[in-house]
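Chemist: What follows is a structure written as structure tokens; I'll ask about it next.
Rule-based calculations on the coordinates, nothing more; no lab input. Just so it is clear, the structure is predicted and the values come from calculations on it, not from any experiment. Here the Cβ positions follow ideal geometry from the backbone for every residue, glycine too, while neighbour counts run over all protein chains shown.
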Amino acid sequence: MPAPSTLLAPSILSADFTRLKESIEIATKADSDWMHCDIMDGNFVPNITFGPFIVQAVAACTTMIIDTHLMIADPDRYIEDFVKAGSHQITVHQEACPHLHRTIQFIKSLGVKAGVSINPGTPLSTLESVLPDLDLVLLMSVNPGFGGQKFIPSSLGKIAQLHKMRLKVNPKMVIAVDGGITEENAQSVVTAGADALIAGTAFFKSSDPARTAAKIRAMTR
Ligand code: DX5
Ligand code: ZN
């Protein structure tokens, strides 16, 4: 089973981009585990964020694991750029990859961890055949595209189902949950089977991010 304590990954999307370095320092001081970078292309999702150039700037400011979430169409075109920018793990969307197995092998061939994300409307059965190959699954608990959305309650059942699936074929695989995580729902998300929690609003808009981080990291299954 991965992660004796819950991993916390602040999402840089909710940080103050006029003070990017300071925002990363806040995450570092709060003992965060990963820095989550949300890449949106205005095509796979309605919003546009940033590209490898900003990921490189984030990576230059921290020794934390750079966790890159590609919410983009045809991610194969850009994976290498995001690895060169300093990503330690690359997550693509199942919905954006017609050749998912090939894409996962490509990510691994570049020497970084491979993750697959699925939208709330996508069944877990679509991951069955690649599950043994994955380092992580990023289960979306909101529809991707924006920070600050409300956690979709049916995600809890999906996390529990994924937890059962991984125990059979890939117990070391990490389950990360992304979207609408709060201090209030974090425990139920971890109890359902999550190892890593992505938190944008809950972390960066908190009056005391270090305290919020400590609370979330203390959650146990
Ligand atoms: C949503 C992104 C999330 C987002 C989370 O499309 O993938 O990572 O930044 O933000 P909150 O925690 O505010 O829901
Ligand atoms: Zn994300």
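Chemist: Could you tell me whether Thr212 is within 12 Å of ligand 1 (Cβ to nearest atom), buried (at least 16 other Cβ atoms within 10 Å of the Cβ) and more than 15 Å from the chain's Cα centre (by Cα)? Outline the logic, then answer.
Modeler: Details: within 12 Å of ligand 1 (Cβ to nearest atom): yes; buried (at least 16 other Cβ atoms within 10 Å of the Cβ): yes; more than 15 Å from the chain's Cα centre (by Cα): yes.
Yes: the conditions hold for Thr212.
Yes/no matrix, rows are residues, columns are (1) in a helix (DSSP H, G or I); (2) within 17 Å of the chain's Cα centre (by Cα); (3) small (Gly, Ala, Ser):
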| position | (1), (2), (3) |
| --- | --- |
| Leu8 | no, yes, no |
| Thr18 | yes, no, no |
| Pro46 | no, no, no |
| Thr68 | no, yes, no |
| Phe82 | yes, yes, no |
| Ser87 | no, yes, yes |
| Glu95 | yes, yes, no |
| Pro98 | no, no, no |
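Chemist: Only one of these conditions is not met by Glu183: (1) closer than 23 Å to Ile24 by Cβ; (2) within 16 Å of ligand 2 (Cβ to nearest atom). Which number is it?
Modeler: (2) is the only condition that Glu183 fails.
Chemist: Still on this structure: Are any residues in the stretch 100-119 more than 16 Å from ligand 1 (Cβ to nearest atom), part of a loop (DSSP other than H, G, I, E, B) and not hydrophobic (A, V, I, L, M, F, W, C), and if so, which ones?
Modeler: Gly111
Chemist: Right, next: If you go through the stretch 178-189, how many residues are near ligand 1 (Cβ under 10 Å from one of its atoms) and either within 11 Å of Leu156 (Cα to Cα) or among the hydroxyl-bearing types (Ser, Thr, Tyr) (or both)? Walk me through it before giving the result.
Modeler: Quick first cut of the stretch 178-189, residues near ligand 1 (Cβ under 10 Å from one of its atoms) only: 178-182.
Applying the additional criterion that residues be either within 11 Å of Leu156 (Cα to Cα) or among the hydroxyl-bearing types (Ser, Thr, Tyr) (or both) yields 182.
Result for the stretch 178-189: 1.
Chemist: Can you tell me how many residues within the stretch 20-37 are under 14 Å from the mean Cα position of the chain (by Cα) and within 24 Å of Gln187 (Cβ to Cβ)?
Modeler: Total meeting the criteria: 5.
Chemist: Determine if the stretch 144-158 includes at least one residue that is farther than 25 Å from Phe44 by Cβ and in contact with a Ser or Thr (Cβ under 9 Å, 6 or more places away or on another chain).
Modeler: yes
Chemist: OK, next. Please give the number of the condition Ile175 fails out of (1) assigned to a helix (DSSP H, G or I); (2) touching an Asp or Glu at 6+ places or on another chain (Cβ under 6 Å); (3) not aromatic (Phe, Trp, Tyr).
Modeler: Here Ile175 clears every test but (1).
Chemist: Condition first: over 11 Å from Ile39 (Cα atoms) and either out of contact with any helix residue (DSSP H, G or I) (no Cβ under 7 Å at 6 or more places or on another chain) or buried (at least 24 other Cβ atoms within 10 Å of the Cβ) (or both). Now tell me which residues in the stretch 57-73 satisfy that.
Modeler: Within the stretch 57-73, Val58, Ala59, Ala60, Thr63, Ile65, Ile66 qualify.
Chemist: Let me ask something else about it. Please enumerate the residues belonging to the stretch 128-149 that are of a type in the set (Ser, Thr, Tyr) and over 18 Å from Ile198 (Cα atoms). Step through it out loud before you land on a result.
Modeler: As a first pass, look at the stretch 128-149 and keep what is of a type in the set (Ser, Thr, Tyr): 129, 141.
Correct list: Ser129 only.
Chemist: Follow-up question, since we're still on this one. Looking for something surrounded by fewer than 16 Cβ atoms within 10 Å (Cβ to Cβ), among the basic types (Lys, Arg) and over 25 Å from Ala214 (Cα atoms) - is there at least one such residue anywhere in the stretch 29-50?
Modeler: Kept after step one, since they are surrounded by fewer than 16 Cβ atoms within 10 Å (Cβ to Cβ), are these residues of the stretch 29-50: 29, 31, 42-43, 46-48.
If we keep only those that are among the basic types (Lys, Arg) as well, we get 29.
Among the residues that remain, those that are also over 25 Å from Ala214 (Cα atoms) are: none.
Within the stretch 29-50 (the criterion being surrounded by fewer than 16 Cβ atoms within 10 Å (Cβ to Cβ), among the basic types (Lys, Arg) and over 25 Å from Ala214 (Cα atoms)), the answer is no, since none of the residues qualifies.
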